1. So, of the residues in the range 79-92 that are under 30 Å from residue 185 (Cα atoms) and surrounded by 15 or more Cβ atoms within 10 Å (Cβ to Cβ), which turns out to be farthest from the chain's Cα centre (by Cα)?
2. Report, by residue number, each residue of the range 9-27 that is among the aliphatic types (A, V, I, L, M) and part of a helix (DSSP H, G or I).
3. Hey, residue 197 hits all of (1) part of a helix (DSSP H, G or I); (2) crowded, with 19+ Cβ neighbours inside 10 Å; (3) at pLDDT 95 or above but one; which does it fall short on?
4. Looking at residue 212, is it basic (Lys, Arg), out of contact with any Lys or Arg (no Cβ under 9 Å at 6 or more places or on another chain) and in a helix (DSSP H, G or I)?
5. Within the range 62-75, is even one residue charged (D, E, K, R) and either touching a helix residue (DSSP H, G or I) at 6+ places or on another chain (Cβ under 8 Å) or open to solvent by 40 Å² or more (accessible area, probe 1.4 Å) (or both)?
6. What is the one condition in (1) closer than 28 Å to residue 257 by Cα; (2) in contact (Cβ under 8 Å) with a residue 60 or more places away in the chain; (3) within 21 Å of the chain's Cα centre (by Cα) that residue 123 does not satisfy?
7. Hey, among 306, 247, 230, which residue is open to solvent by less than 30 Å² (accessible area, probe 1.4 Å), closer than 30 Å to residue 60 by Cβ and at pLDDT 90 or above?
8. Hey, can you tell me all the residues within the range 159-175 that are crowded, with 20+ Cβ neighbours inside 10 Å and acidic (Asp, Glu)?
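The values are calculated or read from the model by the stated rules, or taken from the named source; none is laboratory data. The shown structure was predicted, so the numbers you read here are calculated from the model rather than taken from an experiment. Methodologically, a virtual Cβ is constructed for each residue, glycine included, from the backbone with ideal geometry; neighbour enumeration extends over all protein chains shown. SASA here: full protein model, heavy atoms, side chains in, ligands and nucleic acids out. Shrake-Rupley method; radii C 1.70, N 1.55, O 1.52, S 1.80 Å.
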Amino acid sequence: MQRKPTPVAPIPATAAWTPERIEALLALPFMELVYRAQTVHREHFPQRDVELASLLSVKTGGCPEDCGYCPQSVHYDTGVEATKMMEPDAVLEAARAAQAAGASRFCMGAAWRSPNDRDIEKVAVLVREVRGLGLETCATLGMLKPAQAATLKDAGLDFYNHNLDSSPDFYDQVIHTRDYQDRLDTLQHVREAGIKVCCGGILGMGETRAQRAGLIAQLANLDPAPESVPINNLVRVGGTPLENQEPVDPFEVVRVIAAARITMPRARVRLSAGRRELGDGIQALCFLAGANSIFYGDKLLVTGNPEVADDRALLQRLDLAVSSEL
């Protein structure tokens, strides 16, 4: 039986960034929008460096959620096999390899709806070990209770990733096993524990431009705004409900990156999943529009990502510095 969605309080008209104001921003002539975003970017990130973050799936598949884009859901036949949680030695080996390749942040993802306390204790061990290498740590584990967020904070977790995915008025077209308010509650628990927030969304799921503006408005009006904002381009996976979804216009991805930069000037705006489909030229425009972080490595959880060597070559061609090497 599907849960009845919990209403999300509307963004007040007095907010700094209303959905209507952001939609007007997205509608600006393309070059004007990118120019404005680049101006903001230069003001807040004068070194114009790019952060390299690596993402490892420490527990894959078997998730009870029905997110329409996700190949790890038990509701869809996508060929992803459920696995047990990785052993600490294997996680550390991957973290060392990511660090050697230039990554400065290491994110660990697990396909849970909401972890139990025993799971959290295991992840806390991983956080301590990875942080001991000198890497920033991030985790994405599903919904958290306040005490669980506190445990991760005590272990030294720097960031917690929990995406809103979409605007409130589009959300229930893609996900039915979790309310929008559930996501906002987890973000609040993470904030109250003193962990930095990594939160963004997915483009190309069938949403309108107005709904993209609604997503950016939700993010920008979090108090405070997220320190990291991943913008994902839908990776269409066979077996999921969105496998035949029409791709979003690549220039629309650039527009959303620009809007995120303007509305959240101090955030690391991360060009995330789906970069492979965008190509080098569009990625270059995304960097121009204010993206200054990428997920780095040959796999994002269970979907493909540009090869490390290709990423390095692109950054070099664009004369972009890597933040950990400045």
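1. 88
2. 22, 24, 25, 26
3. (1)
4. On the way: basic (Lys, Arg): yes; out of contact with any Lys or Arg (no Cβ under 9 Å at 6 or more places or on another chain): no; in a helix (DSSP H, G or I): yes.
No, not satisfied.
5. Step one: of the range 62-75, the residues charged (D, E, K, R) are 65-66.
Next cut, either touching a helix residue (DSSP H, G or I) at 6+ places or on another chain (Cβ under 8 Å) or open to solvent by 40 Å² or more (accessible area, probe 1.4 Å) (or both) only: none.
Looking for residues that are charged (D, E, K, R) and either touching a helix residue (DSSP H, G or I) at 6+ places or on another chain (Cβ under 8 Å) or open to solvent by 40 Å² or more (accessible area, probe 1.4 Å) (or both), one finds none in the range 62-75, hence no.
6. For residue 123, the failing item is (1).
7. Numbers: 306 fails: at pLDDT 90 or above; 247 fails: open to solvent by less than 30 Å² (accessible area, probe 1.4 Å).
After applying the criteria, what remains is 230.
8. 165
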